């Protein structure tokens, strides 16, 4: 099942330990301001991803929870990247 754009960017950013606000800032940077994740969406998505085993709480730093992608999350992210690459390749082919 395709991942949402928000979910994709959150998982992508968590290849490095980050907290919610840091993810939000990195997503804005990566998308040149085209995607802005609200705090409600961010923390709801982080909670669901943690429950689903895609990310894990690593530690708390200055009252902020740091998360990182899990092995399962990395596998899902790789599948999604392959899906997006296939979409891109197909869009370049003549019909």
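The numbers here are math on the coordinates, done by the rules we state, and not lab data. Bear in mind that the values here come from a model prediction, so they are computed numbers and not experimental data.
In the chain, the DSSP-assigned H stretches of four residues or longer account for a calculated mean residue ellipticity at 222 nm of -18500 deg cm²/dmol, using -39500 (n - 2.57) per stretch and the full residue count as denominator.
Averaging Cα coordinates gives a centre for region 1-37 and one for region 49-63; these two points are 15 Å apart.
Computed over region 20-61, the P(r) curve from all C-alpha pair distances, binned at 10 Å from the origin, holds 28, 49, 23 percent per bin.
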